[in-house]
Amino acid sequence: LKGYSGKEFNSAVSEFTVQYPDVTVEVTHGNHDALYALLRNGELDIVLNDQRRAFSDEYVNIVLDIREYYAEISANSPLAQLDEVEISDLKNTPLILLSSPEQQETERSFYANDLGFKSEIYFTEYIDDALMQVIQGNGFMPIEGSGDAVQTTTKAVRLLRNGKPIIRRYCAFMKADNPKKHTNEFIEILKKQF
């Protein structure tokens, strides 16, 4: 998943390649819908993705982790003095999202309709550009995890909706009828990493 920043996936690939040196692992990056389409069309065997829909019995759906959302903001912002902030209080602060041009409308809809963000949205395809916008105080970028800021020039502030943390579920998905060898082994390794 393009916005995923944890070390668990890389660790799982490393362990898998030690156990199965004859198997080549190819990785494709994308947003939720792009990865889902590739899995649905049989172009990918396993997808590490966020859950955005109800689970389907056509897939093996494994929740790997549940993480809270944080707003990555400039360390110079008045918001940097806070430990948490309601998303409604950020309606006048632009939301900076990573997305390809083809997926922008999908991402806009998810963040506005499903998560409840009311901010203007600035899209970029590159994490470096997104961080530069944050550092300059041009908006905030949603991140998830431990609340550790990505840069020393930024701060991660916990995001709340109606007083409760906003969460993101990371899952491993594969088709339930996937006959390919080693997919289950990889998922088991991935589960251990999380």
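Observations, loosely collected:
- Which numbered condition Glu102 fails, given (1) buried (at least 18 other Cβ atoms within 10 Å of the Cβ); (2) within 19 Å of the chain's Cα centre (by Cα): (1)
- Pairs are defined by a Cβ separation below 7 Å, a sequence spacing of at least 6 or placement on different chains, a first member in the range 84-111 that is under 24 Å from Asp33 (Cβ atoms), and a second member that is open to solvent by 20 Å² or more (accessible area, probe 1.4 Å) and part of a helix (DSSP H, G or I); the pairs so defined are Ile96/Gln133; Leu98/Ile127; Gln103/Asp33; Gln103/Ala34; Thr106/Asp33.
- So Tyr70, is it surrounded by 13 or more Cβ atoms within 10 Å (Cβ to Cβ), among the hydroxyl-bearing types (Ser, Thr, Tyr), in contact with a strand residue (DSSP E or B) (Cβ under 6 Å, 6 or more places away or on another chain) and within 24 Å of Ala172 (Cα to Cα): yes
- Test: residue in the range 13-24 that is touching a residue at least 24 places away in the same chain (Cβ under 8 Å), among the polar types (S, T, N, Q) and surrounded by 13 or more Cβ atoms within 10 Å (Cβ to Cβ): no
- Note on the range 42-71: residues that are aliphatic (A, V, I, L, M), assigned to a loop (DSSP other than H, G, I, E, B) and either closer than 22 Å to Glu8 by Cα or touching a residue at least 24 places away in the same chain (Cβ under 8 Å) (or both) total 2.
- Ile127 vs. criteria closer than 23 Å to Asp33 by Cα, exposed (fewer than 15 other Cβ atoms within 10 Å of the Cβ) and within 15 Å of the chain's Cα centre (by Cα): yes
The values are calculated or read from the model by the stated rules, or taken from the named source; none is laboratory data. Since this is a predicted model, take the numbers as computed values, not measurements. Glycine gets a Cβ as well: all are built from the backbone with ideal geometry, and neighbour counts include every protein chain shown. Side chains are part of the model used for accessible areas, which takes the heavy atoms of the whole protein and leaves out ligands, DNA and RNA. Shrake-Rupley method; radii C 1.70, N 1.55, O 1.52, S 1.80 Å.
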